[in-house]
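A.B. asks: If you scroll down you'll find the structure; I have some questions about it.
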Amino acid sequence: MNTQTDNNRNYKYQGDNPIVTGEKGKFRCYYINHDDKAVSRVLELEQLSHPILTEAGVKAWMERDMDCYNQRYGIVYIQLTDKICYRPIRTVCDATTLDILDGQTVEGWYDGYAEDCEKNLNKMFTMIAAIPKAQMKGEYYPNKAVIDAYLAAGMINEAGQLSEHRNAIIAQREAEENRRRQESEERERKAKEKEAAEIARQIAEEEESLRTKGHITGWGVVQLCDREGINIHLRTRHNLLEVVTYFEGGAAHYRYYGKRKPNLDGCFNTLRELKNKLGIAA
C-alpha cells in the first residue's frame, strides 16, 4: 500500500464561503511601482470577506494579474474611501493562495501542509487588518503611496500624521544603519591595527634574528627593505617572496621549481645592502 498516496487529500478552505465574494468595484488605487515611486491608476478590484477583516472594520479588495512566467498572483488593497484604495507592503498572494481564496479544491496536499497554508492565510489577514491603526500609531511603515491616498481623500491631518511617522521610521532606520556601519568600520579598524601590530612584531623578530643569528627569511628581507626605504627590483622581490625560504649566514635556501637553478645574485645584493643599512657586519 502506498502510504504517501493515502495521506494525500483534496483540500478545500473550511470557511462557509469563499473569501473572494465576487463583488467588484472600481477604485483609484495608490501603490509603489518597481522604481519605488508612488503612482496611481484606476483598477477594478474584487472584494475580500474574512471574519478577521470584518472584526477590525477593514475593507480589503484584490487585484488579479499574471507575472512574466504566466503565473497567477493577487495584490491586496485596503479601501480608504468609496473611491480610493491603497496598497501597503507585503500583500501579494500566489496562485495557491488564490485557489484558497476562491474556495477551489486543491488536489494532492498533505493534511499538515494544508493546515499550515490556512494558518498563513489567517496571519496575512491579521496583518492587513492591523495596518490602518498601526500606521496611525507609527508602528507600521506607511509608504509614500499610502500618504498620497490620504491626501487624495482630503484627509490632510491624517496624511500629515502618517508623513511624520514615515519620517521618524526612516530616521530610525538610518540611525540604525549608521550605527551598524560605524561598528563595522570600528571592527575593521581594530582588525587592521591588530594585523599591522602582528606584522610589526614579525618584522622585529626577523631583524633580531638577522642581528643575532644571521638568519632571515626572504619575506623578512622584503619587509625590512620596505621599512628602510631600500628599492628592490621586481624580479628580486619575486624571488625573495616566492623562491627564497631563508638566508643562513652566506647561503640561501630556496624552493626548487623544475630543474633550472634560479639566479639569486639580486637577492644576495639586496641582503648585503640591507645589512649595511642596519649596520650589521657582512
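The values are calculated or read from the model by the stated rules, or taken from the named source; none is laboratory data. Note that this is a predicted model, so its numbers are computed, not measured. Note that we place each Cβ from the backbone using ideal geometry, even for glycine, and neighbour counts take in every protein chain shown. All accessible areas refer to the heavy atoms of the entire protein, side chains included, with ligands and DNA or RNA removed. Shrake-Rupley method; radii C 1.70, N 1.55, O 1.52, S 1.80 Å.
A.B. asks: Would you indicate which of (1) 98, 66, 29; (2) 49, 40, 35; (3) 142, 42, 26 is the value of Cα extents along the principal axes in Å derived from the coordinates of this structure?
C.D. replies: For Cα extents along the principal axes in Å, the calculated option is (1).
A.B. asks: Go through segment 192-282 and name the trypsin sites (Lys or Arg not before Pro) that are in a DSSP coil and have 10 or fewer other Cβ atoms within 10 Å of their Cβ.
C.D. replies: Those satisfying the criteria are R255, K259, R260.
A.B. asks: Then there is this: Quick one: accessible area per residue over segment 210-282, 1.4 Å probe, rounded to a whole number of Å²?
C.D. replies: 63
A.B. asks: Given the C-alpha centroids of segment 235-252 and segment 203-232, what is the distance between them in whole angstrom?
C.D. replies: Their Cα centres are 11 Å away from one another.
A.B. asks: Tell me the mean residue ellipticity at 222 nm calculated for the chain from its helices only (DSSP H runs of n ≥ 4, each -39500 (n - 2.57), averaged over every residue, nearest 500).
C.D. replies: -16500 deg cm²/dmol
A.B. asks: In segment 184-268, if the dipole is taken from +1 on Lys/Arg beta carbons and -1 on Asp/Glu beta carbons about the Cα centre, which of G250, L224, A196 is farthest to the positive end?
C.D. replies: Of the listed residues, the answer is G250.
A.B. asks: Hey, another quick one. Just to verify a number: FRET efficiency for K190 and T96, C-beta to C-beta distance, R0 = 51 Å, to 0.05?
C.D. replies: Once rounded, the FRET efficiency stands at 0.55.
A.B. asks: Please work out how much length the chain gains when fully extended from R211 to D82, using 0.36 nm per residue of separation minus the C-alpha to C-alpha distance, in nm with one decimal.
C.D. replies: Separation in residues times 0.36 nm, less the Cα-Cα distance, equals 37.5 nm.
A.B. asks: Moving on. Leaving out ligands and nucleic acids, note down the accessible area per residue over segment 142-189 with a 1.4 angstrom probe, in whole Å².
C.D. replies: 65
A.B. asks: What's the carbon and sulfur percent of the chain's accessible surface, probe 1.4 angstrom, rounded to a whole number?
C.D. replies: 47
A.B. asks: Counting only chymotrypsin sites (Phe, Trp or Tyr not before Pro) that sit in a DSSP loop (anything but H, G, I, E, B) with at most 16 other Cβ atoms within 10 Å, what is the longest stretch of the chain containing none of them?
C.D. replies: That would be 70-255.
A.B. asks: Calculate, for segment 31-80, the solvent-accessible area per residue in square angstrom, rolling a 1.4 angstrom probe over the heavy atoms of the protein chains.
C.D. replies: 60
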